[in-house]
Amino acid sequence: RAKEHGRARTEVFTAALRDAILIRHRLQNDLTRAIEEREVFLLYQPIVSLADGRLTGFEALVRWRHPELGLIGPDRFIPIAEETGQILPLGRFVLEEAVRNLTRWRADTGLPLSVNVNLSARQMWDAGYVDDMLAWLRGTGCAGLKIEVTESMTMTDPDRALAILGRFHDLGIPLCMDDFGTGYSSLSYLGRFPFDVLKIDKSFVRDLAPESDRARLVRGIVNLAHDLGLDVVGEGVETDAEQALLNTLGCDYAQGYRFARPLSLEDANGWVERARPPTPAENSLQT
Ligand code: C2E
Ligand code: MG
Ligand code: MG
Ligand code: MG
């Protein structure tokens, strides 16, 4: 009986594994077409100033609307795209689309808005690709663009990572360390890299309680980041209480469902429009 039971379990497991492999193949096969046919698109999640809730910019977050499988999140296809190299054309689309909207928002409002774009490891380590990216950015202009990389990406080969990230930095593109706290780097490690922004991972922010060890840890991270000249963004802020506490702990900016979910371009346009300072004509109408 035990043996039979074991076999049944193995069959269930094998079926699940086979399904997982099939779906993975499916996504991998469909992704190239998806990029060409523009089934992939960007959402924009507001990043706000913690003290006053003012819009400072957005993080661009990619989605895939698959004709049969529906909406697919990046956690399901970015790892596949990384492995196959499809991240290279996909990343190019993300960058160009994000910069295009950023440029329009800045021109329309005169505000120094920013858009953060996530860079994956495969993109970062490909020297020719980075050359092309930087050449394109030099040609188009990239005021307000910020690049996000995770600490684990910098850890595999710190010296090479330093050289590559330095090239973005030299072009005046601020660098954000994403998901800080989920990797293994020491805090002192931060000082070696030309980061301008530290994004505290949402696992530190979730259910953050006053006077807790975690709150003290976050305060320490914020103080150290500030000493090193970095701005700090709290990720995954969902509640008033988390917002208030992060503000008390000295955090500068925040991103999370408390303020907005990742937004369609149309809704992001609405946020930008509301952030736009009134023109002199509008001012005189009001007074
Ligand atoms: P990330 O860069 O850390 O992005 C933040 C993630 O947290 C996003 O998930 C966002 O929707 C989610 N989030 C924001 N606020 C909250 C909140 O209050 N609560 C919770 N629970 N989650 C929140 P998303 O959009 O699913 O993206 C997941 C990851 O996929 C990103 O993590 C990033 O690593 C990667 N990714 C997304 N777009 C791109 C892209 O264009 N290129 C690359 N290479 N990676 C991307
Ligand atoms: Mg990010
Ligand atoms: Mg993050
Ligand atoms: Mg993440």
Out of D201, D179, sole residue that is within 16 Å of ligand 1 (Cβ to nearest atom), open to solvent by less than 20 Å² (accessible area, probe 1.4 Å) and in contact with an Asp or Glu (Cβ under 7 Å, 6 or more places away or on another chain): D201
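Rundown of residues vs (1) hydrophobic (A, V, I, L, M, F, W, C); (2) farther than 23 Å from T150 by Cα, yes/no style:
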position: R219; (1), (2): no, no
position: V222; (1), (2): yes, no
position: L230; (1), (2): yes, no
position: D240; (1), (2): no, yes
position: D252; (1), (2): no, no
position: R258; (1), (2): no, yes
position: D267; (1), (2): no, yes
Apart from one, (1) among the charged types (D, E, K, R); (2) out of contact with any Leu (no Cβ under 8 Å at 6 or more places or on another chain); (3) open to solvent by 50 Å² or more (accessible area, probe 1.4 Å); (4) modelled with pLDDT of 95 or more all hold for E282; the odd one out is (4)
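For every residue, the table says whether it meets (1) open to solvent by less than 20 Å² (accessible area, probe 1.4 Å); (2) among the charged types (D, E, K, R); (3) within 10 Å of ligand 1 (Cβ to nearest atom).
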position	(1), (2), (3)
A215	yes, no, no
V218	yes, no, no
I221	yes, no, no
Q243	no, no, no
L246	yes, no, no
C251	yes, no, no
A254	yes, no, yes
Y257	no, no, yes
Looking for something open to solvent by less than 70 Å² (accessible area, probe 1.4 Å), in contact (Cβ under 8 Å) with a residue 40 or more places away in the chain and among the aromatic types (F, W, Y) - is there at least one such residue anywhere in the stretch 259-279? yes
Against the conditions (1) within 19 Å of the chain's Cα centre (by Cα); (2) open to solvent by less than 50 Å² (accessible area, probe 1.4 Å), where does L31 fall short? Just the number, please. (1)
Residue check: is D179 on the phi > 0 side of the Ramachandran plot and part of a strand (DSSP E or B)? yes
Being in contact (Cβ under 8 Å) with a residue 40 or more places away in the chain and closer than 21 Å to E235 by Cα is true for just one of P46, P89. Which residue is that? P46
Condition first: open to solvent by 50 Å² or more (accessible area, probe 1.4 Å) and under 18 Å from V115 (Cβ atoms). Now tell me which residues in the stretch 148-170 satisfy that. H169
Please find, within the stretch 153-206, the residue that is farthest from V232 (Cα to Cα) out of those that are of a type in the set (K, R) and away from ligand 2 (no atom under 15 Å from the Cβ). R160
Got a sec? Which of G172, G166 is modelled with pLDDT of 95 or more and assigned to a loop (DSSP other than H, G, I, E, B)? G172
Count - residues of the stretch 38-62 that are among the acidic types (D, E), at pLDDT 95 or above and more than 11 Å from the chain's Cα centre (by Cα): 1
Could you check, for the stretch 141-154, whether at least one of its residues is touching a residue at least 24 places away in the same chain (Cβ under 8 Å), within 16 Å of ligand 3 (Cβ to nearest atom) and at positive phi? no
Just need a number here: residues in the stretch 1-53 that are closer than 24 Å to R76 by Cβ and part of a helix (DSSP H, G or I). 25
Which is more than 30 Å from L145 (Cα to Cα) and not aromatic (F, W, Y), of A20, A98, A34? A20
Does the stretch 211-220 contain any residue that is away from ligand 2 (no atom under 16 Å from the Cβ) and touching a residue at least 60 places away in the same chain (Cβ under 8 Å)? no
Does at least one position in the stretch 183-196 carry a residue that is at pLDDT 95 or above, surrounded by fewer than 20 Cβ atoms within 10 Å (Cβ to Cβ) and among the hydrophobic types (A, V, I, L, M, F, W, C)? no
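The values are calculated or read from the model by the stated rules, or taken from the named source; none is laboratory data. Source: prediction; values computed, not measured. Counting neighbours? That spans all protein chains shown, and the Cβs are built from the backbone with ideal geometry, glycine included. When the accessible area is computed, the model is the full protein with side chains, heavy atoms only, and any ligands, DNA or RNA have been set aside. Shrake-Rupley method; radii C 1.70, N 1.55, O 1.52, S 1.80 Å.
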